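Notes for the one structure printed next.
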Amino acid sequence: MHEVGIVQSALDIAESQARAAGATKIHEIRLRIGQMTGIVPEALEHAMTVLRGGTLAENAELTVEYVPAVCWCVSCEKEFAPKGLFGECPDCRVPSADIRRGMELEIVSLEVD
Amino acid sequence: MCLECGCGLPGPTRIDGKPADEVSSPLVEGVEAPNHSHTHSHDGYTHSHDHLHDHEHDHPHDHGHDHSHTHRQIDVHQAIFTANDRLAERNRGFFRGMEVFVVNVVSSPGSGKTMLLTKTIEALGEDMHVGVIVGDLETDNDARRLRTTGAPVVQISTGTLCHLDAEMVARAVGGMDLKALDILVIENVGNLVCPSGFDLGEDLRVALLSVTEGEDKPLKYPPLFRFADAVVVSKMDLAVACEFDRDAALDNIRRVNPRADVFEVSAKTGEGMDAWRDYLNRMRTRRGSLTSRP
Ligand SMILES: Nc1nc2c(ncn2[C@@H]2O[C@H](COP(=O)(O)OP(=O)(O)OP(=O)(O)O)[C@@H](O)[C@H]2O)c(=O)[nH]1
Ligand SMILES: [Mg+2]
Ligand SMILES: [Zn+2]
C-alpha cells in the first residue's frame, strides 16, 4: 500500500548507517514486516528495483522476514493466528481488536563492504 | 509522482489556483523534514563495531569470486517511518498547538463527502468554527459548494495525483487562520486505495461507504476502512431502493475494523445527522482534554 515510501525510507536509513560505518557498498538490506501491516512483499521488491539506482544499495538485495500475526480473542481467552488481514477468531468468528504480533515494520540489519 | 498506484504523472499541485510551492506556510518554510535516521545513526555506528567480529565469522565468503575484504553486518533495528509519516507528525503537533481538531474524510468518488461535510458544518452551528481543505484532481466545484456554508475553504488541486499528502496539507494551512478554528475538515481526493496510505496529521479519520456502492466494499478495499476511526454509511435514504443489505455491510465493516465507530446517515434527509454531529463534538472535546493535560 505505501510500499514505495517504506522502501525510500529504508534506503535513506541504510545509506546513512552504511556511510557512518565507513562502508562503500550495501549488499543486502534486511527488513522485518508483520502480516497485519498489509504490506505486499512483491510490491516492496518492485519499489526497490526502481529506487535503489544511484545509491550505495544500487545492487543490494532486499530480504524480508515476514512475521505471522498473533491476535488475542477476548471471548475464547486465547491467542490465535488470523488468516489474511482480518483478525477473526477461527472458533467464535469474532474479530479481534487486540493484535499482539504482526504490526512490525523495521529495518533489522545491513550487509555492507 | 504516485508510484503507489501508478495513477498518473506528477501534476502541478495547486492551492487555490497557485502553484503549491509558492504558497508560504509556517509548517514548510525553511524547515527540513526531521530525519530520524540521522539522530539514530550514531547508535548504529557503535553498535556495528560491537558486533563486527561475530558477524564476520557468520558470513564467510564462499561464493566463488575473490574479495580481499569480508562483508560485515550492521545491526540497525529501527522502525521505518516514511517521509510522509514524519511530516504528518509535524502537522499533528502544529494542529495540537493551534488547538484545532482535524478530521480527514476518505471514500471512493461520489460517496457523498462534500454533501455530508456541507450538512455537518450546518449541523455544528455557528458556535463551532469549521474550516475546510478540499482536495480534487481538478475543478473547484466542491470548494464552491462548501463555501456556501460560510466556512473558510482552501482548495488543493492535485493535478493527476490520487491522494492528498501531509506536505500539501502543511502548505494549504499556510493561508488559514487556524487559531480561529475549532475544527478543520479535510475532504480527501475520492479514491479507494491511495489516501489510506497517507497520514495527514489528522486526529480522526472517517471513511464513507455509500449504500449505492455495495456491501462488500470494505472486504474489497480493506485499508480504506481498516485505518479509519469512524465509518459513515452514507445516503441511507437510498438504502431500500438499492436493496442495501445493512447487516452484511455492518458485518463487513466490523470484520475489517472492529474498533471503528459506525454511523448510518443521510445528508439529504438529515437521518442520523444528530448522532454524527454529537460524535464529532465528543471526539473533539476528548482530544482537547488529552492535550491540555500537563
Ligand atoms: N440521495 C442522496 N444523495 C446524496 C447524498 N449525499 C450525496 N448525494 C449525492 O451523491 C452525489 C455525490 O455526492 P458528493 O457529496 O459530491 O460526493 P463526494 O464524495 O464529495 O464526491 P467526490 O468529491 O467527487 O469524490 C451528488 O449527486 C449528491 O447529491 C445523500 O445522503 N442522499
Ligand atoms: Mg467531493
Ligand atoms: Zn474466539
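Coordinate-derived values only; no laboratory data. Everything numeric in this text was worked out from a predicted model, so none of it was measured. Ideal geometry is used to build each Cβ from the backbone, glycine not excepted, and the neighbour counts take in all protein chains shown.
Dividing the Cα convex hull volume of region B:156-219 by residue count, how many Å³ per residue is that?
With only Cα atoms used, region B:156-219 gives 117 Å³ per residue.
Quick one: putting +1 on the C-beta of Lys and Arg, -1 on the C-beta of Asp and Glu, what dipole do you get for the protein assembly as shown around its Cα centre, in Debye to the nearest 20?
1240 debye
According to the Cα gyration tensor, what semi-axes, each the square root of 5 times an eigenvalue, does the equivalent ellipsoid of region A:22-113 have, listed from largest to smallest in whole Å?
Each semi-axis is the square root of five times an eigenvalue, giving 36, 12, 7 Å.
Given the convex hull over the Cα atoms of region A:1-54, what projected area results after averaging over all orientations, in nm²?
3.8 nm²
Within 10 Å, Cβ to Cβ, of A:GLU65, how many net charges do the neighbouring residues add up to if Lys/Arg are +1 and Asp/Glu are -1?
0
So how many Lys-Lys pairs in the protein assembly as shown land under 28 Å Cα to Cα, not counting same-chain pairs under 8 apart?
For the protein assembly as shown, qualifying lysine pairs total 18.
Let me make sure I get this right: for region B:152-262, a, b and c are the square roots of the gyration tensor eigenvalues over alpha carbons, sorted descending. Under 1.5 in a/c it's rounded, otherwise prolate if a/b > b/c, else oblate. Which is it?
Prolate shape, in that a/c is at least 1.5 and a/b is the bigger ratio.
Per-residue HN-Hα couplings for region B:97-113, Karplus 6.51 cos²θ - 1.76 cosθ + 1.60 at θ = phi - 60°, whole Hz, x for Gly and Pro?
x, 7, 6, 10, 8, 10, 10, 10, 10, 10, 5, 6, x, x, 6, x, 4
By the scheme Lys and Arg +1, Asp and Glu -1, what is the net charge of all other residues having a beta-carbon under 12 Å from that of A:ALA97?
Neighbourhood net charge equals +3.
Count the DSSP beta bridges whose two residues both fall in chain A, then state the antiparallel fraction as a percent rounded to the nearest 5.
65 percent
When N is the residue count of the protein assembly as shown, what does its C-alpha Rg come to as a fraction of 2.2 N^0.38 Å?
1.08
With equal scatterers on the alpha carbons only and no solvent term, can you work out the Debye log10 of I(q)/I(0) for region B:99-288 at 0.09, 0.10, 0.14 1/Å?
Taken in order of the listed q values, log10 I(q)/I(0) reads -0.29, -0.36, -0.73.
Taking amide H atoms as placed 1.01 Å from N in the peptide plane, list the residues 5 or more away in sequence, or in a different chain, whose amide H sits under 5 Å from that of B:TYR221.
none
Would you mind checking the tilt of helix A:3-20 against the longest principal axis of the Cα atoms of chain A, expressed as 0 to 90 degrees and rounded to 10?
50 degrees
Please compute the average number of Cβ atoms from other chains found within 10 Å of each residue's Cβ in peptide A:20-31.
Per residue, the number of nearby Cβ atoms from other chains is 4 on average.
Starting from the Cα of B:CYS242, step 7 Å along the direction of its Cβ; do the same at A:LYS83; then give the gap between the two resulting points in nm.
2.8 nm
Taking the dipole about the Cα centre of the protein assembly as shown, with the C-beta of Lys and Arg at +1 and of Asp and Glu at -1, give me whichever of B:PHE94, A:GLN35, B:CYS162 is farthest to the positive side.
B:PHE94
Taking θ = phi - 60°, what integer Hz values does the Karplus form 6.51 cos²θ - 1.76 cosθ + 1.60 yield along region B:130-138, in sequence order, with x for Gly and Pro?
My calculation for region B:130-138 gives 10, x, 10, 10, 10, x, 8, 5, 9 Hz in order.
What ranking do B:LYS235, A:LYS83, B:LYS268 get, fewest neighbouring Cβ atoms within 10 angstrom at the top?
Taking fewest neighbouring Cβ atoms as first place, the list is A:LYS83, B:LYS268, B:LYS235.
Got a sec? How would B:LYS119, B:LYS220, B:LYS113 order by Cβ neighbour count within 10 Å, fewest to most?
In order of increasing Cβ crowding within 10 Å: B:LYS220, B:LYS119, B:LYS113.
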